[in-house]
Amino acid sequence: MASIIRIKRSATSGNPATLAAGELAYSSLADNGANGGDRLYLGHGTETSGDAANHEVIGGKFFTDQLDHAKGTLTANSALLVDANKKINELLVDNLTIDGNTITATDTNGDIFLEPNGTGSVVLNFNKIEDVATPVDSADAATKGYVDSYNSAASLTIADGTDSDEVNLASDTLLISGGTGLTSSVTNNQVTLRLDDTSVTAGSYGTATAIPVFTVDDQGRLTSAGSNAISTTLNITGDSASSGSVALGSATLAFKGMEGIDITTSGGIVTVGAEVATDTNLGIASFDATDFGNSNGAITVAASVLGTTNLNPGATVTDLAGLTQLDVDNVRLNGNIISTTDSANGYMWIDPGNNMEVTGKVIIRGDLQVDGTQTIINSTDLSITDKLVIVAQGSADSAAATGAGIQVDTAGASIKYNSATAAWDFNRHVNLLTGNDFKIDGIGFDERIDDRMNNLLLAGEAIDLTYNDGAGTLTITAEIASSSNLGVAKFNTDYFTVDGAGDVIIHEVNGGTY
């Protein structure tokens, strides 16, 4: 079958969102002036994630449709094509039409303006004579008169919102004068209005003992100036005959609280308050009459009794009598029983090192009996004098002993006896370290596998097998494909496909749609 080359294409979008460098894309979307349809695009520039920096428009129906008319003829919605003489029959520019020897304004009562730039002039060549000031016939004179009258204004109207006046530009002079507090001047055709200077003398406000005072008239001018004296110092005295002063305007009056006293300011109000006493801070406090005595401010602690022993403040007690039960944290002593009051888990700890570490030694003299359902020993080494460890002791028969063995906590790994098969069940792999072999009837397991694999596997088309019994290796090699031999090959999927029979074909180069 013939190969097909398809570029990227779309009938629903204009400029593609992604276009690789050198990749083409065409949009057959009907152009509406803004959607980018009917155009051919080419990507070029640096690629980022497969997208070129620039998507250039290089052609398309949008452009060829504008070239579908005769050369030298102005056609709507089409490009300008000049004829063999580099001419076009008509030209429309905004409101002007240039056709033959005529320039026409197309808007109603439209004027035509000729505006030169800078010091340039408009030259009207009447009958090949450039000096328009010297017309040679009645037609030239009429044209010049029209131009003169069109550009001559008779008067200038000045209005202030409530009144207006008119100045004759040919005979009158426009006078601009200053009013109260204003002076006007004209220099180089420029009018300047300036406020009049008003000189006043102020008082001695340059010192820290006075502030300036000014008077302003209705026109906003200063008419007089003076000063008022002010105090610059604030004197302060304390309750211990101490005194001080603060310079107003340059210093800050600060209130400082001592221990037990808090001072806050807000909105010009200074609040002084006493702090509440704690075990680390002086302050005010109250005392419970049950536990404390108060005599003219002197506080004493009342005596208390524990069991039958008096506990006096300041005294030392080494023996306690009369207690029938003692609870220390979660440990209870009652009679000859040590128990715990912790109902959450009921744990009891014996810690000879008093540090919750594996230190010290607990020695139990006499036999130890543990009545419970589980005995856990958390130790690094377990030493047992007996040579044989017996599990499932007392089982009625082998069926009752099923499940007996060894189990690793948390890992779930176990070796357990199964009476149904009269064998040990391992629920994890058995890993033999280097130098060891798992043997069956005296023959190593690896050797048995090697021999079995060599007999089972046979070489076929495009496959070669090489067995090395000494090295214990089996090498499987695929043959390389050629024009006459089946084998392995690799193909670039951008250019090739492989059918069900293994035939490699160039089917299609397709840019896809977007």
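Structure notes:
- Only one of the listed residues (216, 270) is under 30 Å from residue 177 (Cβ atoms) and out of contact with any Lys or Arg (no Cβ under 7 Å at 6 or more places or on another chain). That residue is 216.
- Residue check for residue 442: within 28 Å of residue 414 (Cα to Cα) and free of Cβ contacts under 8 Å to residues at least 12 places away in the same chain: yes
- Verdict on residue 410 being of a type outside the set (Gly, Ala, Ser), farther than 30 Å from residue 503 by Cβ and either surrounded by fewer than 10 Cβ atoms within 10 Å (Cβ to Cβ) or under 58 Å from the mean Cα position of the chain (by Cα) (or both): yes
- Close pairs from the range 1-17: first modelled with pLDDT under 85, partner exposed (fewer than 11 other Cβ atoms within 10 Å of the Cβ) and among the acidic types (Asp, Glu), Cβ under 8 Å, at least 6 apart: none
- In the range 230-244, the residues that are surrounded by 12 or more Cβ atoms within 10 Å (Cβ to Cβ) and either assigned to a strand (DSSP E or B) or modelled with pLDDT of 80 or more (or both): 234
- Of the strands (runs of 3 or more DSSP E) lying entirely inside the range 14-117, the ones with 3 or more residues being closer than 30 Å to residue 509 by Cα are found at 24-27, 39-48, 51-59.
- Residue in the range 288-305 that is on the phi > 0 side of the Ramachandran plot, assigned by TED's automatic domain parsing to the domain that holds residue 324, assigned to a loop (DSSP other than H, G, I, E, B) and of a type in the set (Gly, Ala, Ser) present: yes
- Residue-level check: of (1) within 30 Å of residue 262 (Cβ to Cβ); (2) surrounded by 11 or more Cβ atoms within 10 Å (Cβ to Cβ), residue 302 misses just (1).
- If you go through the range 498-508 and keep only what is in a strand (DSSP E or B) and at pLDDT below 75, you end up with just 508.
- Scanning the range 322-338 finds no residues that are at pLDDT below 80, over 25 Å from residue 363 (Cβ atoms), part of a loop (DSSP other than H, G, I, E, B) and among the polar types (S, T, N, Q).
- Residue count for the range 226-249 satisfying the condition of being among the hydroxyl-bearing types (Ser, Thr, Tyr) and out of contact with any Gly (no Cβ under 9 Å at 6 or more places or on another chain): 6.
- Residue satisfying condition, being surrounded by 12 or more Cβ atoms within 10 Å (Cβ to Cβ), touching a Gly at 6+ places or on another chain (Cβ under 9 Å) and either farther than 30 Å from residue 497 by Cβ or at pLDDT 95 or above (or both), within set 83, 99, 65: 83
- Contact annotation: residue pairs with Cβ atoms under 9 Å, 6 or more positions apart or on different chains, pairing a residue in the range 369-388 that is under 16 Å from residue 347 (Cβ atoms) with a partner that is assigned to a loop (DSSP other than H, G, I, E, B) and of a type outside the set (Val, Ile, Thr), are 376/409.
- The set of residues in the range 457-493 being free of Cβ contacts under 8 Å to residues at least 12 places away in the same chain and not in a strand (DSSP E or B) consists of 458, 459, 460, 470, 471, 482, 483, 484, 490, 492, 493.
- From the options 493, 477, 497, residue that is of a type outside the set (A, V, I, L, M, F, W, C), more than 30 Å from residue 23 (Cα to Cα) and not assigned by TED's automatic domain parsing to the domain that holds residue 23: 477
The values are calculated or read from the model by the stated rules, or taken from the named source; none is laboratory data. Keep in mind it's a predicted model, so treat the numbers as computed, not measured. Virtual Cβ from ideal backbone geometry, glycine too; neighbours counted across all protein chains shown.
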